[in-house]
1. Within the set of pairs 6+ apart or on separate chains, which have a first residue in region C:154-175 that is under 18 Å from C:Arg233 (Cβ atoms), a second that is charged (D, E, K, R) and part of a helix (DSSP H, G or I), and C-beta atoms under 7 Å apart?
2. How do the helices (runs of 4 or more DSSP H) wholly within region C:137-206 filter down when requiring 2 or more residues that are within 11 Å of another protein chain (Cβ to nearest Cβ) and farther than 26 Å from A:Arg97 by Cα: which remain?
3. Could you list all residues from region A:230-249 that are assigned to a helix (DSSP H, G or I) and touching a residue at least 12 places away in the same chain (Cβ under 8 Å)?
4. Do we have any residue at all in region B:7-24 that's on the phi > 0 side of the Ramachandran plot, at pLDDT below 85 and more than 10 Å from chain A (Cβ to nearest Cβ)?
5. Within the group B:Gln140, B:Gln88, B:Gln55, B:Gln127, which residue is assigned to a loop (DSSP other than H, G, I, E, B) and either over 26 Å from B:Met177 (Cα atoms) or at pLDDT below 90 (or both)?
6. Condition first: more than 12 Å from chain B (Cβ to nearest Cβ) and among the charged types (D, E, K, R). Now tell me which residues in region A:187-221 satisfy that.
7. Does C:Ala122 satisfy the condition of being touching a residue at least 24 places away in the same chain (Cβ under 8 Å) and within 30 Å of C:Val81 (Cα to Cα)?
8. Can you tell me which of (1) buried (at least 22 other Cβ atoms within 10 Å of the Cβ); (2) at the interface with another protein chain (Cβ under 7 Å from one of its Cβ atoms); (3) under 30 Å from B:Ser122 (Cβ atoms) is the one B:Gly49 doesn't meet?
Amino acid sequence: MVHRRRIRGVVLLWVALGLSVWGVGHAAAETTLEKIGRTGVFTVGTRTGSPPFGFINKQNEWVGFSIDLAKLVHANIEKKLGKSIKFELKESKPDTRIPLLSSGAVDLIAGTMTDTRSRRDSVDFSLTFFATGAQFLVKKGSPIRGIKDIAGKRIGAQQGSTNERIIREKHPQAQLVVFPDQPAGFTALAQGKVDAYTNDGIQLAGLQAKAPKPDEWEIVGEFYSYEPYGMAMRKNDSEFRAIVNNTLMEAIEGREYFRLYEKWFGPKGEVPYPLSEIVLAFLLMQVVPK
Amino acid sequence: MTFDWAVIVSNWKFLILQGLMGIGAFGGGTLRLAIPAIVLGFMLGVVIGLCRLAQRPWIRYPAVLYVEFFRGVPLVMVIFWFWFLIPQMTGQRLPEYTVALTAFVVFEAAYLAEIVRAGIQSVPRSQIDAAASSGLSYLQMMRHVILPQAIRNMIPSLVTQFIVLFKDTSLASIIGMMDLTKAAQIVSQREIRPFELYLFIAVVYWICTYSMSRFSRRLELRLGSPMGNPA
Amino acid sequence: MIPVLFLGLSYDFRWSVLWTDGHGGWILEGVLTTLKLSALGWVIACLLGIVFGAMRTAPVRIIRWAGAAYVEFFRNVPLLVWLFFWYFGAPQILPQSAQEWFNRHGAEFWSAVLGLSVYHGARMAEVIRAGIQSIPRTQFEAAVSTGLSVVEAYRYVILPLALRLIIPPATNESLNLLKNSSLALTIGVAELTFMTRQIETYTAKAFEAFTAGTLIYLILCLGIAAVMGQVERSFQIPGLIARVGRAEH
């Protein structure tokens, strides 16, 4: 009878779906290089609203310092695998970075991710490719000059960022207003909906440089946290990690890194931000001998 | 305050071509998401609607649970579930577009299933009896007699739900898919002109949805809805 | 803390993240904010819905047209866009001092309330209009012929009937409002979905956090639907014409 055939068909369909989901789940045990070789795609998670690390410029292109560094890694991956690999960008934000990486949706996070010990429980980090600290962005002339002044004030931050966590845990007297991403947070600041917006100093410099009227803003306060940026990748993948680290070391040694730094952070760059002596020394000393 | 409509003039291409239509380097696109979502969602909705009406409890109950579940949770939550957990389950990398499409199809199918069910139930019992007595099997009966009539009855509610789905695509911007809303957010961060930008995309959305409801009205008239009730 | 094989991948379930470290307080706060947001939005949406729904059935064409304009304009644009518009865009037309006052007094929350209530007000207006239109014209004519003015006829005869008829679709819309309150997270309102995301970013335990949020929404929706079903039964007028729509949630 028709009914019996239909039921069998439906049951088989459910079973097939279940099996395929379960079966495909097992495919997650390969290394990153194997995965890139198999799929032919190298996916990098980066920001869309954090100039100049990863952002969309006036010509609506997706560019940035971190993206350029990731492209160097891509070149080395192609050399290692001996074949041409597609380079793909995906948006990652503080609240989606780690899940995107652990689920295999991206292979590398190259954006503005701070290397912290607790994050190292979930992901591995490359060498530090930039060092900054958290500060505040305010309208010029604002009474807020640093972390001591934020009690009772409205402070904007991004959900999932280290900055948000520090303010929430160490400075509960400040009124934290948390936005899902940078565009919302910065627009809120521009409209006075928050008194200050907190993020890493260099990102604030980027926002200021890209704002319609950069002179209206200033970055205030000592670094209230140390924010070393690293590229994140899945845990326990030493081969891939070696490639990323070697790429960074070669770039610093061979001056490609500094050429890129000039392009983005030099006096004529998108966001002028001179390299301090101490950070320069730190970068150079990360390059271990061959 | 002064209005600065120049921000629309210089960015409308990005907003419309990339955001609305998905033509450009970022993929995505409201229409590119909405149209497949409507088609696939409707197909899944028909299946679940039919299961909902099945005689056998082991087909009916999962369908009932499915519908009741997805109608009781926000779409944002469903999108987050798919965004975080599908990749973990399948170990595959998925673009935002695929995640958003899957979430929308699965979610909207629950609502469409109810519309399908109501539509099928509105077909007079005599039709089923006549079809069965002519020797048609269940599938033939559904395909040639019941569903055509049911769909005609359902059109107002279907189009209403399709319009809802179209508007819901704006939520894909929350996971970073480049649709019209996300495009406006990106431009707004650069230019800080939210009033002009959001008003502009509100008008664009309005034009699209209003066209859809006008189309539905014309379709209704042409097919001659026997129920005659306005949407 | 025991790693478990979940669909072939090992995942470390840890349900305690839901109540340790003050996370339980977060969830509670999120639920309360969601309820406050939804309740306020609902009240205003109902008021707007009654006013504009009635306007759409008025005998005077201008009034009808004004009602239709409100409904068509607000209903056809996504709520997310409205939230951004009300929070970021609209305050720009206010004078600076008004803007500053608004910012100091919960701009995020009240923009969300405004966005929800105006959008759902338009949808409620449609529901109420359908309810009013399903009442036979004879009722209205009879009311007017007993000497009531048009407004009085609406207030004492038409609306009480219409409100009973529309309980099922109105419940549907009210639950939509509750679910849509989750969108307020995009403008910084710390409601329930926001809080589940918060727990997830602090602990990386997405499954537990989202399960908690999903269950709470389900309980709220099913609960409200059950209560409204009861309300419908206790207020119904026996022998009245068929309902406008079936009870859905």
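1. Filtered contacts from region C:154-175: C:Ile167/C:Glu232; C:Pro168/C:Glu232.
2. Working: elements: C:137-145, C:150-153, C:159-165, C:167-180, C:192-203.
Helices (runs of 4 or more DSSP H) meeting the threshold: C:167-180.
3. Listed by number, the residues that qualify are A:Glu239, A:Phe240, A:Arg241, A:Ile243, A:Val244, A:Asn245, A:Asn246, A:Thr247, A:Leu248, A:Met249.
4. Taking region B:7-24 as the starting set, the residues that turn out to be on the phi > 0 side of the Ramachandran plot are B:22, B:24.
Still in the list and also at pLDDT below 85: B:22, B:24.
Narrowing the set further to residues that are more than 10 Å from chain A (Cβ to nearest Cβ) leaves B:22.
Yes, the conditions are met somewhere in region B:7-24.
5. The conditions single out B:Gln55.
6. A:Asp195, A:Asp200, A:Asp215, A:Glu218
7. Values: touching a residue at least 24 places away in the same chain (Cβ under 8 Å): yes; within 30 Å of C:Val81 (Cα to Cα): yes.
The answer is yes for C:Ala122.
8. (2)
The values are calculated or read from the model by the stated rules, or taken from the named source; none is laboratory data. Computed from a predicted structure; not experimentally measured. All Cβ positions, glycine included, derive from the backbone under ideal geometry; neighbour counts span all protein chains shown.
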